[in-house]
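Input: a single structure, listed below in structure tokens.
The values are calculated or read from the model by the stated rules, or taken from the named source; none is laboratory data. All figures in this text were calculated on a predicted structure; none of them were measured in a lab. Cβ placement follows ideal geometry from the backbone for every residue including glycine, while neighbour counts extend to all protein chains displayed.
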Amino acid sequence: MKRKRKVSGNLGRTQHREADGIYESIRSRRGDTKPCPFYGGKKYPDYDKNAHDELNPTLPNPNVPIEEFDFLNKEGVWDLQGYCKVCYKVYRELRKQKARNQWTTTDESEMSDDEIRQWYRDNVGAEMECSYGNHWADPAAFRVSRNMEKGLHNICMDCEPMTRLAQGLREKEWLAGGDWESWAREVERIKGKGRVSCAGWPLSVQFGTCEGELPGRKMHMDHIVPLRAGGIHDSRNLQPMCATCNIKKTDQIQPDMTVDEILARIHPDYHHIIDRSDSIQTIERKLKAHLEGIVEASIRDGTYEQKLRDLKRRVNGQWDVERVVKKGKEWAKKQR
């Protein structure tokens, strides 16, 4: 097995500030559409050559709009990934499922964490590269992740707290609208219930990993339309999710939402960028790009820090404004 490669710098490229221009340059070479060739083949026999049409029936082959494919940079030239976004997510779930199945011993019992780390040393290398800190360390420095092909998480345990801190701070710079108090009241109500049904994320439900009903105190409070896509911090935008579904959803918009449902859960300043003819994936991309523009514009005109202070007073927050301003500027700079 090859040594673990560094995580691609192309991850998340569809949120690139120049996404519309990049798609336009690809369109000039490829045209408006592209077929999605996803099918399971010998590795995943449950998905035949009609898999795309079954998974993405609203945009069937062969004329799938190029905006429905993530893009990546190949040797300085922007191009499209092989599978559309919908099929690629299913493909990744299939790969995770296959990875989980390999971490068993000869007697079919589950391998321990130490056994997985030793397997890495024996089959891959004495050290592994941390994707966040850009350094190498013994496999013992990495958390075991049975979803990964090589059994270990990409980020070492020393760097993990820093990534979680950055993510927590980043949410505060999004300046979400809505009735923040209604969110808090709804969270308290849900947490107090004995059993709560998970709202479900399509891929988790499809692959049987959704945890279904759980005590309210164990549920994650999810923004239906993510803050990063202009979602409001309001009870209208709240849904309870089990940890598995919430982790898989990340900052995505559920693909079966209607445009009206999205409009009801985003700040009014975002309404004008939505075209009802766009797919949900395209709407999500536009919303996230619009947020980047709002943050950068407020940084340029010097109002960003005051907006954060006003928000802190409004919701009686306890976070450090100066630190959030610094993180917000770093985040905006990375989008360029």
Would a scan of the stretch 65-86 turn up a residue that is of a type in the set (Asp, Glu) and part of a loop (DSSP other than H, G, I, E, B)? yes
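Kindly evaluate residue 44 against the criterion of being part of a loop (DSSP other than H, G, I, E, B) and touching a Leu at 6+ places or on another chain (Cβ under 7 Å). Lay out the reasoning, then the answer.
Working: part of a loop (DSSP other than H, G, I, E, B): yes; touching a Leu at 6+ places or on another chain (Cβ under 7 Å): yes.
Taking the combined requirement at face value, the residue satisfies it.
Can you confirm whether residue 214 is farther than 21 Å from residue 272 by Cβ, surrounded by 15 or more Cβ atoms within 10 Å (Cβ to Cβ) and not acidic (Asp, Glu)? Show your work before the answer.
Values: farther than 21 Å from residue 272 by Cβ: yes; surrounded by 15 or more Cβ atoms within 10 Å (Cβ to Cβ): yes; not acidic (Asp, Glu): yes.
When the stated conditions are applied, residue 214 passes them.
Here's a check for you: in the stretch 243-261, which residue that is more than 12 Å from residue 223 (Cα to Cα) and either among the small types (Gly, Ala, Ser) or under 11 Å from the mean Cα position of the chain (by Cα) (or both) is surrounded by the most Cβ atoms within 10 Å (Cβ to Cβ)? I'd like the intermediate steps shown before the answer.
In the first step, residues of the stretch 243-261 are kept if they are more than 12 Å from residue 223 (Cα to Cα); the result is 243-245, 247-248, 255-261.
Then drop every residue that is not either among the small types (Gly, Ala, Ser) or under 11 Å from the mean Cα position of the chain (by Cα) (or both), which leaves 243, 247-248.
Values: 243: 13, 247: 13, 248: 21.
That would be 248.
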Does the stretch 220-242 hold any residues that are among the small types (Gly, Ala, Ser), surrounded by 24 or more Cβ atoms within 10 Å (Cβ to Cβ) and free of Cβ contacts under 8 Å to residues at least 60 places away in the same chain, and which are they? 231
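Condition check ((1) hydroxyl-bearing (Ser, Thr, Tyr); (2) part of a helix (DSSP H, G or I); (3) over 22 Å from residue 156 (Cα atoms); (4) out of contact with any His (no Cβ under 6 Å at 6 or more places or on another chain)) across all residues:
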residue	(1), (2), (3), (4)
39	yes, no, yes, yes
98	no, yes, yes, yes
108	no, no, yes, yes
114	no, yes, no, yes
120	yes, yes, no, yes
Check residue 22 against each of (1) modelled with pLDDT under 85; (2) outside any loop (DSSP other than H, G, I, E, B) and name the one condition it does not meet. (1)
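Report yes if some residue within the stretch 60-73 is of a type in the set (D, E, K, R), without any contact (Cβ under 8 Å) to a residue 12 or more places away in the chain and over 20 Å from residue 147 (Cα atoms); otherwise report no.
no
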Identify the single condition in (1) among the acidic types (Asp, Glu); (2) within 15 Å of the chain's Cα centre (by Cα); (3) surrounded by fewer than 20 Cβ atoms within 10 Å (Cβ to Cβ) that residue 284 does not satisfy, given that it satisfies every other one. (3)
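If you scan the stretch 47-64, which residues turn out to be assigned to a loop (DSSP other than H, G, I, E, B) and surrounded by fewer than 14 Cβ atoms within 10 Å (Cβ to Cβ)? Walk me through it before giving the result.
Keep residues of the stretch 47-64 that are assigned to a loop (DSSP other than H, G, I, E, B), which gives 47-50, 56-63.
Selection gives 48, 49, 50, 57, 58, 62, 63.
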Quick check: anything in the stretch 263-275 on the phi > 0 side of the Ramachandran plot, surrounded by fewer than 16 Cβ atoms within 10 Å (Cβ to Cβ) and free of Cβ contacts under 8 Å to residues at least 40 places away in the same chain? no
